[in-house]
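The values are calculated or read from the model by the stated rules, or taken from the named source; none is laboratory data. What you see is a predicted model; the values in this text were computed from it and never measured. No Cβ is skipped: glycine too gets one built from the backbone with ideal geometry, and neighbour counts run over all protein chains shown.
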Amino acid sequence: MKKSNIYLIALLSSVTLFIITGAIVSVARGKKVNVENSSVQKMSAYSSLSIQNTNYYVSISSSDDFEFKVYFKEDVQPVEFPYELKGDTLILAEIPAELKDKIKRLQVKLPLEELNIEATSSKFGFDHFNGSTLKLDLDNTEASIYSETALSKLEIKGINHSNFHSRVKCDSLKLDIEKSEFNNWSSTKVVEGKISNKAFVTINNPGDANLSKDSSSKINYYYN
């Protein structure tokens, strides 16, 4: 073995030993180790999600089961998170201030292929979504999805200063945007719908575009 290789191995071994020793010393000195403070709640099946005036951030993620994962602040004792199931709809609403002060965010985990969401005065986003169809009805709401999994259909209605930001490929995009903003920085095969009342839309590689607008609104198409 060449001397240079021997020196390199010796150097890497020394660095690894230093890191391990430092970690042991930190624990010995009583330094805190960051541990996730969370709890999981199982729930019955549903097909739609209603997010109404929430004073916390909601993240949505595909999973094998219907459940919540609640992320609490450090040194907080986990508690049950309140929700309502009405028919086939899961309803999330504003929570008391004393509970809000205890949590960081709520993750909604679900196994749905098609998902309908109605949201008012809230903020939510997708950690990842493996389904094929999303239908979103947004009122004064901020939402986002950044996914490597393509959608077959994305349908969005946005009113009252809603904002939707995305980077997701989709075969079909249908928009009804009024006094709101929509952005998608990934390609779309077919775009249709209408925007009005000072709406603003940006779409990257829109494919077959049939999107109408009034004189107060603006559409930006980018091709690359």
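Odds and ends about this structure:
- Pair list, Cβ under 9 Å, 6 or more apart: the range 69-89 residue touching a residue at least 40 places away in the same chain (Cβ under 8 Å) and assigned to a loop (DSSP other than H, G, I, E, B), other residue of a type outside the set (Asp, Glu) and surrounded by fewer than 13 Cβ atoms within 10 Å (Cβ to Cβ): Asp88/Ala45
- Tally of residues being loosely packed, with under 15 Cβ neighbours inside 10 Å and over 28 Å from Glu148 (Cα atoms) across the range 53-75: 5
- Yes/no for Ala143 being within 17 Å of the chain's Cα centre (by Cα), without any contact (Cβ under 8 Å) to a residue 60 or more places away in the chain and buried (at least 18 other Cβ atoms within 10 Å of the Cβ): yes
- Residues located in the range 81-112, provided they are loosely packed, with under 13 Cβ neighbours inside 10 Å and either hydroxyl-bearing (Ser, Thr, Tyr) or in contact with a strand residue (DSSP E or B) (Cβ under 7 Å, 6 or more places away or on another chain) (or both): Glu84, Asp88
- Search result, residues across the range 55-68 that are under 17 Å from the mean Cα position of the chain (by Cα) and free of Cβ contacts under 8 Å to residues at least 60 places away in the same chain: Asn55, Tyr56, Ser63, Phe66, Glu67, Phe68
- Residue ID - surrounded by the fewest Cβ atoms within 10 Å (Cβ to Cβ), chosen from residues in the range 146-171 that are in contact with an Asp or Glu (Cβ under 7 Å, 6 or more places away or on another chain) and part of a loop (DSSP other than H, G, I, E, B): Asn160
- Once the range 13-48 is narrowed to residues that are more than 13 Å from Gln107 (Cβ to Cβ) and in a strand (DSSP E or B), the residue that is modelled with the lowest pLDDT is Lys42.
- Spans of strands (runs of 3 or more DSSP E) in the range 180-224 with at least 3 residues among the β-branched types (Val, Ile, Thr): 188-196, 200-204
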